[in-house]
Amino acid sequence: MKLAICFYGNVGGKKGGHGHGGNQDITEHLIKSKKNFDKIYKNVDYFVHSWSVDNKDLIKGVLNPKNSIFEENSTINNQLKSLEDYGLRNIDSYENMFGTDFKEFFKINFFSSQSRWYSNSKSLEIMKTYSESKSIKYDWVLQVRLDIVFRKFFNLNELTNANFYVPIRENEKDIAVNDMFFLSNYDNAVSFSKIFSQRDQYSIRPPVAAKQHIDSLKLKIVPILRFQKDFNIVRLDKLSIHVKLVRIMLNFLRIFVTLQQNFIRKIEKLF
């Protein structure tokens, strides 16, 4: 069984999305991820499209991708669709995002959503080009952000190849999917890659656009793996480790304080 893993996007910010706080170091994460993927799935090819040009040598050195493209985010500027192109057909999908910052929502998401689909689609396109040049057809294709940490892995033998697997989502399940990774067969992945060219037909919000596009392809969506339990973002995963360490330290402190109090009581009884 042959698996293609198509990484896309950037390495992520230290303090939040859109590179907030500067780029984080994902070296350890990538090394561990590749080791796990290679060990579990044996026959794996890697492909990368990334905006993290400064991390090009690191990413290529660790993943040794069959093909990759690294380019500045500004590459997309002359391909941006205008707000008028999107129209108001998906206005209902923005209801939960509006608040009082309507303009700020569109300012950030208008560019980032198109950038996200461009990178996602490019990673699939270079996989398809390589596949055709080598006469390889992958059994499975995993589309995934560069900064995702898997704690639990897929048992491909137990999955149905015709399904389109997405992470479990708790809210807005009727209009959106969790879009942090997608797992499908080769043909469905290639079909999904057309989302960038058709992006103005969908919501600006990626989770909504993803579901709209998958539905248009008439694919069966099947949720699998839970965010922050079975997989996480590198930044949040590091934070959760720190939180666990703090909890352990607090627990030891409570035990120490209890022992001290018991000792003091015993001393007081002697006098």
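Test Ser119 against the stated conditions and say whether it is crowded, with 16+ Cβ neighbours inside 10 Å, at pLDDT 70 or above and in contact with a Gly (Cβ under 8 Å, 6 or more places away or on another chain).
Working: crowded, with 16+ Cβ neighbours inside 10 Å: yes; at pLDDT 70 or above: yes; in contact with a Gly (Cβ under 8 Å, 6 or more places away or on another chain): yes.
So Ser119 fits the description; yes.
Do we have Val48 as within 21 Å of Ile126 (Cα to Cα), modelled with pLDDT of 95 or more and not in a strand (DSSP E or B) here? Let's see the steps before the verdict.
Working: within 21 Å of Ile126 (Cα to Cα): yes; modelled with pLDDT of 95 or more: yes; not in a strand (DSSP E or B): no.
Answer is no for this residue.
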| Any residue in region 140-155 that is modelled with pLDDT of 95 or more and either over 25 Å from His29 (Cα atoms) or in a helix (DSSP H, G or I) (or both)? | no
Over region 214-226, the set of residues surrounded by fewer than 20 Cβ atoms within 10 Å (Cβ to Cβ) and under 18 Å from the mean Cα position of the chain (by Cα) is Ile221, Val222, Pro223, Ile224, Arg226
Do the conditions hold for Val208, that is, is it crowded, with 18+ Cβ neighbours inside 10 Å and either under 22 Å from Glu71 (Cβ atoms) or touching a strand residue (DSSP E or B) at 6+ places or on another chain (Cβ under 9 Å) (or both)? no
For region 163-186, the count of residues that are farther than 12 Å from Val222 by Cβ and touching a residue at least 60 places away in the same chain (Cβ under 8 Å) equals 4
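The values are calculated or read from the model by the stated rules, or taken from the named source; none is laboratory data. Note that the structure is a prediction, hence the values are computed from the model and not measured. Cβ atoms come from the backbone with ideal geometry, glycine included; neighbour counts cover every protein chain shown.
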